[in-house]
Amino acid sequence: MSTLAARALVCRRGTRTVLESIDVAFVADQVTAIVGPNGSGKTTLLRHLAGLDRPAAGRVELDGIPTGGLGAGVRARRIAYLPQGASAYWPLFGRDLVALGRLPHGANLERPLAAQDAEAVERALRRVDGLAFADRTIDALSQGERARMMLARALATEADVLLADEPVASLDPAYALDATAVLRAEAARGGCVVVSLHDLGLAARFADRVIVLANGRVAADGPPDEALRPAVIDAAYGVGFRTVVLDGVTQPVAWSRGP
């Protein structure tokens, strides 16, 4: 059971401060959705949590240990990162693409996978319902099918922490529902799942916790019905929201320009 935390994190792009004084911790068995308007720092936060970018100040910790002190191999085995719009630019077969998730464990793709690596790839394919695509090249798959295989690649790492940046962006509702169900299942297996989303309805329905970013800071952090209150998201997005309740879940709906 792992905990990933940002402590007094400050992130800059050139001279611009993107995130200021971020103090958040993410725990196992939970899906945390990070939401906020474009430019609010969602991707920046995930990249810093993944150890891909170095903070201007503060630190990221994994189980209390600064991730900057962990070797790249250890970090890659324990934190899986699915970037926004992830794709492959060469015609790999689906199974080979998913097998890339085993590289942090020492897999050598120039020879047959060891049994434990092959089993991890098979499990990941089954979890995203991707076995039908395993022997097809990525360039022959639809956008939704490719996204499914990219998610499988991250799952194949079998990391303690899964960070996913907009994994359902530009995808049809069926895939979006399937993907969020996979993320929920990953948390149920004991994973620490952090996902950025534009769709507030999905965040309200599937997340255990929602963090709202606005103006480089945490505007709200709590259960969806608290974090996504109209008073909070009206100010964050500059849009007037109304709410509807569907099957007991309060859903925010953008209604008018300006709060």
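Taking every residue in the stretch 201-214 that is closer than 13 Å to Gln251 by Cβ and pairing it with any residue that is of a type in the set (S, T, N, Q) and at pLDDT 95 or above, at least 6 positions away or on another chain, the pairs with Cβ-Cβ distances below 7 Å are Ala207/Thr32. For the stretch 25-40, the set of residues classified as more than 15 Å from the chain's Cα centre (by Cα) and touching a residue at least 40 places away in the same chain (Cβ under 8 Å) consists of Pro37, Ser40, listed by residue number.
Criterion first (at pLDDT 90 or above, out of contact with any Gly (no Cβ under 6 Å at 6 or more places or on another chain) and surrounded by fewer than 19 Cβ atoms within 10 Å (Cβ to Cβ)) does Gly191 satisfy it? Can you show your working first?
Working: at pLDDT 90 or above: yes; out of contact with any Gly (no Cβ under 6 Å at 6 or more places or on another chain): yes; surrounded by fewer than 19 Cβ atoms within 10 Å (Cβ to Cβ): no.
No, not satisfied.
So, of the residues in the stretch 150-186 that are in contact with an Asp or Glu (Cβ under 8 Å, 6 or more places away or on another chain) and crowded, with 22+ Cβ neighbours inside 10 Å, which turns out to be farthest from Ala80 (Cα to Cα)? Only one residue tops the list, namely Val168.
Among the residues of the stretch 27-68, the one identified as over 30 Å from Arg229 (Cα atoms) and touching a His at 6+ places or on another chain (Cβ under 7 Å) is Pro55. With respect to the conditions (1) over 20 Å from Glu158 (Cα atoms); (2) in contact with a Ser or Thr (Cβ under 9 Å, 6 or more places away or on another chain); (3) surrounded by 13 or more Cβ atoms within 10 Å (Cβ to Cβ), Ala8 lacks only one, and its number is (3). For residues that are among the acidic types (Asp, Glu) and modelled with pLDDT of 90 or more, scanning just the stretch 132-161, find the one that is nearest to Leu97 (Cα to Cα). Among them, the one singled out is Asp135. Within the stretch 68-113, the residues that satisfy the criterion of being touching a residue at least 24 places away in the same chain (Cβ under 8 Å) and among the polar types (S, T, N, Q) are Gln84, Ser87. The one condition from (1) at pLDDT below 95; (2) within 14 Å of Ala33 (Cα to Cα); (3) of a type outside the set (A, V, I, L, M, F, W, C) that Pro230 does not meet is (2). Residues in the stretch 81-100: is at least one over 21 Å from Asn215 (Cβ atoms), in a strand (DSSP E or B) and modelled with pLDDT under 95? Yes: the stretch 81-100 contains one or more residues that are over 21 Å from Asn215 (Cβ atoms), in a strand (DSSP E or B) and modelled with pLDDT under 95.
Residues of the stretch 19-55 that are aliphatic (A, V, I, L, M) and buried (at least 21 other Cβ atoms within 10 Å of the Cβ): Leu19, Ile22, Val31, Ala33, Ile34, Val35, Leu45, Leu46, Leu49, Ala50. Residue count for the stretch 41-66 satisfying the condition of being in contact (Cβ under 8 Å) with a residue 24 or more places away in the chain and more than 20 Å from Leu213 (Cβ to Cβ): 3.
The values are calculated or read from the model by the stated rules, or taken from the named source; none is laboratory data. Here the structure is a predicted model, which is why all the values come from computation and not from measurement. Cβ: placed from backbone, ideal geometry, glycine included. Neighbour counts: every protein chain shown.
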